[in-house]
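One structure below.
The values are calculated or read from the model by the stated rules, or taken from the named source; none is laboratory data. Note that this is a predicted model, so its numbers are computed, not measured. Counting neighbours? That spans all protein chains shown, and the Cβs are built from the backbone with ideal geometry, glycine included.
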């Protein structure tokens, strides 16, 4: 997996404190502009209008997060920040390809597990 580097300090602090493999901080670098797009129920239609349907459906479901924050990094290196309605744990989901949304839609949690085993995504 490629190395990335976030400029989002809150994310970086949470990532480094909870996801430290062998004492080395894991860092991720975004696309050239380094933009992190906040996603909410209020802006989900605008955010997903240019996405393929399966990817838009996946992001719309994630936008309904109840707790914590999730950073979704797509294969094209676009990063979306999804904040839950309540405080909670933070996580990062890195899509290595577009297979995860299809596998979750088709197979639920078993599809997600199979997708992880296939290397479609990672959560460092």
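The C-beta contact set for region 78-90 (first residue free of Cβ contacts under 8 Å to residues at least 40 places away in the same chain and at negative phi, second residue buried (at least 17 other Cβ atoms within 10 Å of the Cβ) and in a loop (DSSP other than H, G, I, E, B), distance under 8 angstrom, 6+ apart or interchain) comprises 84/65; 85/65.
The residues on offer are 124, 101, and the sole one that is out of contact with any helix residue (DSSP H, G or I) (no Cβ under 6 Å at 6 or more places or on another chain) and surrounded by 13 or more Cβ atoms within 10 Å (Cβ to Cβ) is 124.
Right, residue 89: modelled with pLDDT of 85 or more and surrounded by 12 or more Cβ atoms within 10 Å (Cβ to Cβ) or not? Give the steps one after another, and end with the answer.
Values: modelled with pLDDT of 85 or more: yes; surrounded by 12 or more Cβ atoms within 10 Å (Cβ to Cβ): no.
Here the answer is no, as residue 89 does not meet what is asked.
Go through 115, 9, 18 for me and flag whichever is touching a strand residue (DSSP E or B) at 6+ places or on another chain (Cβ under 9 Å) and modelled with pLDDT under 85.
Numbers: 115 fails: modelled with pLDDT under 85; 9 fails: touching a strand residue (DSSP E or B) at 6+ places or on another chain (Cβ under 9 Å).
One residue alone meets the criteria, 18.
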